[in-house]
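The values are calculated or read from the model by the stated rules, or taken from the named source; none is laboratory data. The shown structure was predicted, so the numbers you read here are calculated from the model rather than taken from an experiment. Cβ sites come from the backbone with ideal geometry, for glycine too, and all protein chains shown count toward neighbours. When the accessible area is computed, the model is the full protein with side chains, heavy atoms only, and any ligands, DNA or RNA have been set aside. Shrake-Rupley method; radii C 1.70, N 1.55, O 1.52, S 1.80 Å.
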Protein chains: 2
Amino acid sequence: MPKYNALYAQSGGVTAVINATACGVIQTAQQHADKIGRVFAARDGIVGVLTEDLIDVGLESPADIAALRHTPGSIFGSCRHKLGTLEKNRLQYERLIEVFSTHDIRYFFYNGGGDSQDTAAKIAQISETMGYPIACIGVPKTVDNDLPFTDNSPGFGSVAKYIAVSIREAGLDVASMAQSSTKVFVIEVMGRHAGWIAAAGGLAAETEGDAPHIILFPEIPLDQEAFLARVQLCIKKFGHCAIVASEGIRNTDGTFVAESGLVDAFGHKQLGGVAPIISKLIKNNLGYKYHWALADYLQRSARHIASKTDAEQAYAVGKAAVEFALAGKNAVMPIIVRESNHPYRWSIGEAPIAKIANVEVKLPRHYITEDGFGITPACREYLQPLIEGEDYPPYKNGLPLYVKLKKIAVAKKLEKTFEI
Amino acid sequence: MPKYNALYAQSGGVTAVINATACGVIQTAQQHADKIGRVFAARDGIVGVLTEDLIDVGLESPADIAALRHTPGSIFGSCRHKLGTLEKNRLQYERLIEVFSTHDIRYFFYNGGGDSQDTAAKIAQISETMGYPIACIGVPKTVDNDLPFTDNSPGFGSVAKYIAVSIREAGLDVASMAQSSTKVFVIEVMGRHAGWIAAAGGLAAETEGDAPHIILFPEIPLDQEAFLARVQLCIKKFGHCAIVASEGIRNTDGTFVAESGLVDAFGHKQLGGVAPIISKLIKNNLGYKYHWALADYLQRSARHIASKTDAEQAYAVGKAAVEFALAGKNAVMPIIVRESNHPYRWSIGEAPIAKIANVEVKLPRHYITEDGFGITPACREYLQPLIEGEDYPPYKNGLPLYVKLKKIAVAKKLEKTFEI
């Protein structure tokens, strides 16, 4: 059996564990040296494939590759580049084939979310429509947890854990100060279209009075009156109110709260997002002193508090992707299948990438309490195993020891450069 | 020797380790049952003393008291209440004495920052000026690290570690995306008057190109032109730019950047703080896409990533405070004394609380690089030991297991209530 090379690339917004997937792909590919020749990585996702910017992963030390398992961010660089259709962008696809064939690449692993699986699906078609034999395997990743088929998306469990831990801790802070100072705390979390991350904050509330007291989901239009009444009730009952607000919450008229300028009589757009607007809404109507936080990249890069479940699943999908390719599969993506809740058990399944691309799975209505401000027991049962377990990175000088690779470039062989 | 009761109270902004100090005070006091009778805590700091809202700490289980060591926030509640002068507020002081004497309290431990030590200093005078024999020991705490005499303040090391870890992680995130998307990341950190927390972010940059690339200190007026040139240079050299900005940075005219509305031609005040203004300044002048984060309470409540050094010192000052009281001292505060840097060694010393109150120690100029955008080796040598070591809390269901106390109230004995 002739040996061909493998190419791995990362795409879209990064996560705390996408490099654990890289580790799974690379280690597994290297274990199959009988079938796979060299292992390459593209710099900056599909962009690096088009520009022939490839990294020779085989020149990295095994210890450094192993350390990818606990290193956040995207070690090879990511991108938000989408391939056009074959009809309109034939040159792009010809270029891809040129790079693949020049470097003997017949295994391609594209690690990303919904948009990225659209790219993977298009590349997977190459073997059929353009006659170049490539096994293209999508590898799931997204903090948004909005991919279909898979029970959950690698990357989500860790951001979920980060948000749940953070609101538990900040909730204790605001409770401490409430008697004479700040009574309201708002944390804004990611999730423009789906409330999965916001829902995860709800895991911190295990007994009555625990933070968060209110969750604002993008799936539930913000009823200001009901919301303010709930804040007032919380402060009456508990002395303070801790709120998790998704960046994607909308007003009842469908506009984004972040863009609605609720607080500015002149209609000028505000710089901040949802958290300051929600805070000011409370201050203006109820008069309470507030604090707010915007975790932004902190939440999705927080490898120091990654979920062990998430890190293990991220590695497993990378490993499975290589095994799929070696089994002769194409145009599929490994997914997480939930086998049972008590005890939590999962396995790896597969799904066709063409059906994954550009589908966004929202939080089901029965995961949100009837009043729209919290999560149901069913939601908790779904989310809880995903944040289970700690998986601490090693430390040096009081800081997590994240690996840097040598990233030695594969010599370019093509004469033409390619303009993105 | 007659036995008297001890009272402990927490004051000011809370930290990830102030309850470790509570644990040190309570466990040490309980170990001296031959000299100390009951151990009480005031609810919400000095406010609870005035209102006779005392908690009987002796009714908590030893396991729960031990768990305070790893529980963030202020378990007994904090406050921002300042006592007036004896001359103008004699009634307040008489009330304090009334509460102390009614409950046989002759040891008082006030755990807080500069403002709180002002309160402690005034109470310490009672024995002299009003004839009530009280041993009042101040116990240091502040994330701001701005107390005099002590080498560092308990609470600071943990927020320092949190910020250094966070900028390292978020820096990897922005580096990942920089080729085709976000190139600038700004995290806003606490420290309105002193740049200690901002400086701590600098610990993450160990080799050239590491985040953070720029630090903005409250001690250095923001020279917009020099700053923008530095951002441009960073992006040219490294492809991206990660910035730590103190909430307290000022323009060259002395006004706070957070209030300067740099980005709004109409002069309307912005809701966010410094981070969005700095981000927009870069966007408007250099055109780069940005992300920003505001950690707010997350940074000072992040017990999950507390510094082991900090947790140990926080416990030690609590323990020392009780030992000072039992040694007959009054009006002093235990401090951290740095014995050596290599290896890092520290011990407990003491300082007069009257000289601590309302003094703010700023970052010395020689801790900041000449260009004003980074920290010097001397600063790194000072800061590094303070973030050393991890001290993870126990976990349950994927979340840190923080203790809740029963907080059984001591029966009120005074007929009169007291209006704050």
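Mind checking the alpha-carbon convex hull of segment B:158-231 and giving the volume per residue in Å³?
94
Segment B:66-130: which GluC sites (Glu not before Pro) are DSSP loop and have at most 14 other beta-carbon atoms within 10 angstrom? Don't jump to the answer; show the numbers that get you there.
Numbers: sites: B:GLU87, B:GLU94, B:GLU98, B:GLU128; in loops: B:GLU87.
Those satisfying the criteria are B:GLU87.
Give me the percent of DSSP beta bridges within segment B:1-151 that run antiparallel, rounded to the nearest 5.
The answer is about 15 percent antiparallel.
Can you give the direction-averaged projected area of the convex hull of the alpha-carbon atoms in segment A:150-295, in nm²?
Details: hull surface 35.2 nm².
Computing the convex hull of the Cα atoms and averaging its projections yields 8.8 nm².
With unit charges on the beta carbons (Lys and Arg positive, Asp and Glu negative) and the dipole taken about the Cα centre of segment B:16-66, which residue among B:ILE36, B:VAL57, B:VAL47 sits farthest to the positive side?
Among B:ILE36, B:VAL57, B:VAL47, the one farthest towards the positive end of the dipole of segment B:16-66 is B:ILE36.
By average Cβ neighbour count within 10 Å, what is the ranking of B:354-367, B:153-166, A:314-327, B:298-311 from highest down? Don't skip to the end; give the middle numbers.
Working: B:354-367: 16.2, B:153-166: 30.4, A:314-327: 23.7, B:298-311: 27.1.
Those peptides, ordered most packed to least, come out B:153-166, B:298-311, A:314-327, B:354-367.
For segment B:328-411, what is the charge dipole size about the Cα centre, in debye to the nearest 20, if Lys and Arg each add +1 at the Cβ and Asp and Glu each add -1 at the Cβ?
So the magnitude is around 580 debye.
Can you check what the Kirkwood hydrodynamic radius comes to for segment B:1-59, Cα pairs only, in Å to one decimal?
12.0
Once each part is reduced to its C-alpha centroid, what is the distance from segment A:61-77 to segment B:115-134 in angstrom?
Here the answer is 57 Å between Cα centres.
How are the alpha carbon pair distances in segment B:295-420 distributed across 10 Å bins from zero to the largest one, expressed in percent?
The calculated distribution, bin by bin, is 9, 23, 34, 23, 9, 2, 0.
Provide an ascending nm list, one decimal, of label-point separations from A:GLN31 to the equivalent residue in each further copy; define each label point as 7 Å from Cα along Cα→Cβ.
Counterpart label points of A:GLN31 in the remaining copies fall at 5.0 nm.
Please enumerate, by chain and number, the aspartates and glutamates with C-alpha under 16 Å from the C-alpha of B:LYS236, excluding those fewer than 8 residues away in the same chain.
List returned: B:GLU208, B:ASP210.
Relative to the other copies, what are the label-point distances for A:ASP253, with labels 7 Å from Cα along the C-beta vector, expressed in nm at one decimal and sorted shortest first?
3.6
Using helices alone, I'd like the mean residue ellipticity at 222 nm for the protein assembly as shown: each DSSP H run of four-plus residues gives -39500 (n - 2.57), total over residue count, nearest 500. Could the numbers behind the result be given before it?
Values: 27 runs with 284 residues, N = 840.
So the helix-based figure for the protein assembly as shown works out to -10000 deg cm²/dmol.
Report the per residue volume, in Å³, of the convex hull enclosing the C-alpha atoms of segment A:230-362. Can you show the working numbers first?
Working: hull volume 26.5 nm³, N = 133.
Here the figure is 199 Å³ per residue.
Of the accessible area of chain B, with the probe set at 1.4 angstrom, what percent is carbon plus sulfur?
It is 50 percent, rounded to a whole number.
Taking H as built 1.01 Å from N, whose amide H comes closer than 5 Å to the amide H of A:TYR8, not counting residues under 5 places away?
Those qualifying (amide H under 5 Å, at least 5 residues apart or on another chain) are A:PHE40, A:ALA41, A:ALA42, A:PHE109.
Over the C-alpha atoms of segment A:55-187, what are the Rg and the largest Cα-to-Cα span, Dmax, in Å?
Answer for segment A:55-187, Rg first and Dmax second: 21.5, 72 Å.
Do any cysteines in chain A lack another Cys Cβ under 4.7 Å, and if so which?
By the Cβ distance rule, which asks for a partner under 4.7 Å, the isolated cysteines are A:CYS23, A:CYS79, A:CYS136, A:CYS379.
Give me the summed buried accessible area for the B-A pair, 1.4 Å probe, to the nearest 100 Å². Let's see the in-between values first.
Values: alone 17900 and 17880 Å², together 29750 Å².
Looking at B and A, the buried total is near 6000 Å².
What lysines sit close enough to B:LYS88 to cross-link, taking a C-alpha to C-alpha distance under 25 Å and skipping anything fewer than 8 places away on the same chain?
B:LYS122, B:LYS355, B:LYS416
In nm to one decimal, list the spacings between the B:THR85 label point and its equivalents in the other copies, with label points set 7 Å along Cα to Cβ, shortest first.
In nanometres, ordered from closest: 8.2.
Considering only DSSP beta bridges with both partners in the protein assembly as shown, what is the antiparallel share in %, to the nearest 5?
The antiparallel fraction comes to roughly 35 percent.
For segment A:1-83, what is the accessible area per residue in Å² when the probe is 1.4 Å?
On the way: 2260 Å² over 83 residues.
Per-residue accessible area for segment A:1-83 comes out at 27 Å².
Taking just the C-alpha trace of segment B:89-130, give me its Rg and Dmax in Å.
10.4, 29
Between B:ARG365 and B:LYS237, with labels modelled 7 Å along Cα→Cβ, what's the label distance in nm to one decimal, could you check?
2.4
Within 10 Å of each Cβ of A:298-308, how many other protein chain Cβ atoms are there on average? Spell out each step's value before the answer.
Working: counts 14, 5, 3, 12, 7, 4, 10, 7, 0, 1, 2.
Per-residue shielding by partner chains comes out at 6.
When the Kirkwood hydrodynamic radius is evaluated over all pairs of different C-alpha atoms of segment A:134-198, what value in angstrom, to one decimal, is obtained? All intermediate terms of the calculation are to be shown ahead of the outcome.
On the way: mean 1/r = 0.0712 Å⁻¹.
The Cα-based Kirkwood calculation yields 14.0 Å.
With the cut-off at 22 Å, tell me which of the pairs A:LYS280/B:LYS82; A:LYS183/A:LYS283; B:LYS141/B:LYS319 have Cα atoms farther apart than that.
Values: A:LYS280/B:LYS82 27 Å; A:LYS183/A:LYS283 10 Å; B:LYS141/B:LYS319 14 Å.
As for pairs spanning more than 22 Å Cα to Cα, those are A:LYS280/B:LYS82.
When only alpha-carbon atoms count, how far does the protein assembly as shown stretch along each of its three principal axes, as whole angstroms with the largest first?
Largest to smallest, the principal-axis extents are 97, 58, 56 Å.
I'd like the distance between the alpha-carbon centres of segment B:378-415 and segment B:219-249, rounded to an integer number of Å.
35
Rounded to the nearest 5, what is the percent of antiparallel bridges among the DSSP beta bridges in chain A?
Taking every DSSP beta bridge with both residues in chain A, the antiparallel ones total about 35 percent.
Hey, got the Cα dimensions of chain A along the principal axes, in Å, largest first?
73, 43, 41
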